[in-house]
1. Filter the range 139-153 down to the residues that are assigned to a helix (DSSP H, G or I) and either over 19 Å from S108 (Cβ atoms) or more than 16 Å from the chain's Cα centre (by Cα) (or both) and list them by number.
2. Which of the residues spanning the range 36-46 are over 11 Å from S20 (Cα atoms) and either within 20 Å of the chain's Cα centre (by Cα) or touching a residue at least 24 places away in the same chain (Cβ under 8 Å) (or both)?
3. Starting from residues that are without any contact (Cβ under 8 Å) to a residue 24 or more places away in the chain and not charged (D, E, K, R), keep the ones in the range 84-116 and report whichever is nearest to S59 (Cα to Cα).
4. L156 - would you say it is under 20 Å from A23 (Cβ atoms), under 16 Å from the mean Cα position of the chain (by Cα), surrounded by 12 or more Cβ atoms within 10 Å (Cβ to Cβ) and touching a residue at least 12 places away in the same chain (Cβ under 8 Å)?
5. Return the residues of the range 110-133 that are surrounded by fewer than 15 Cβ atoms within 10 Å (Cβ to Cβ), in a helix (DSSP H, G or I) and either in contact with a helix residue (DSSP H, G or I) (Cβ under 7 Å, 6 or more places away or on another chain) or among the hydroxyl-bearing types (S, T, Y) (or both); say none if nothing qualifies.
6. Within the group S74, S60, which residue is at pLDDT 95 or above and not basic (K, R)?
7. Which condition number in (1) in contact with a His (Cβ under 7 Å, 6 or more places away or on another chain); (2) surrounded by fewer than 16 Cβ atoms within 10 Å (Cβ to Cβ) is the one that V101 fails?
8. For V25, indicate whether it is closer than 25 Å to L100 by Cβ, out of contact with any strand residue (DSSP E or B) (no Cβ under 6 Å at 6 or more places or on another chain) and surrounded by 15 or more Cβ atoms within 10 Å (Cβ to Cβ).
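The values are calculated or read from the model by the stated rules, or taken from the named source; none is laboratory data. Not measured: the values here are computed from a predicted model. In this analysis, Cβ positions are derived from the backbone assuming ideal geometry, glycine residues included, and neighbour counts consider all displayed protein chains.
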Amino acid sequence: MSTTPYEALCKLARERALISTTAAVLGWDQETFLPPKAVDYRARQLGWLSGKAHELATSSEWERALAEAEAEDSTNALESANLREFRHHYDRSAKLSRELVELETRTSSRAKAAWMQARKESNFSLFAPDLETLLDIARQKADLWGFREEPYDALLEEYERGSTTAEVADLFNSCRDAIIEIAREAVENSSATPANLLEG
């Protein structure tokens, strides 16, 4: 029995998911059990895995399977939706280099540990270099992906497709007064919370 292009694409997507979920477990482990001296090695592990996932999801094999699956013009609503998502993510991923993806992952991994140490010591300078690198990477990604008005529009597309920075600003501005009032009430009432309420 022959494999359809859509099935071939799904097989590649499952392989990519194996890599990504393996990285997720390593990321969880970093947050919970990782000794401080292992942070740099874990960052390299996570960077390599993100690079492999990126390489697979931007490979000629992936591109070919996607193009062939799209050419079949499926009437199946689920397949059509998946193909639309595969295309969206492929087009964005293909604009990024493996090196940039790996650098972002490594830096993000190290930055988490640096942030925890910086908070513990009340010393922002421990976190600042990683933050600056991450901001630079975000600017590079925005430039590579392209945007109409604000660089953040390109980044926002990852989480809220079709939204713009201006729309998000309008939303938060419309909620501002209510949020301030809720925060004020929370602070005022938090001192009245009995300490034993939090005991197990």
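1. Residues satisfying the conditions are D143, L144, P151, D153.
2. Hits for the range 36-46 are P36, V39, D40, R42, A43, R44, Q45.
3. Only one residue tops the list, namely S97.
4. For L156, the condition - under 20 Å from A23 (Cβ atoms), under 16 Å from the mean Cα position of the chain (by Cα), surrounded by 12 or more Cβ atoms within 10 Å (Cβ to Cβ) and touching a residue at least 12 places away in the same chain (Cβ under 8 Å) - is not met.
5. Listed by number, the residues that qualify are Q117, F124, S125.
6. From the options S74, S60, the qualifying one is S60.
7. (2)
8. So V25 does not fit the description; no.
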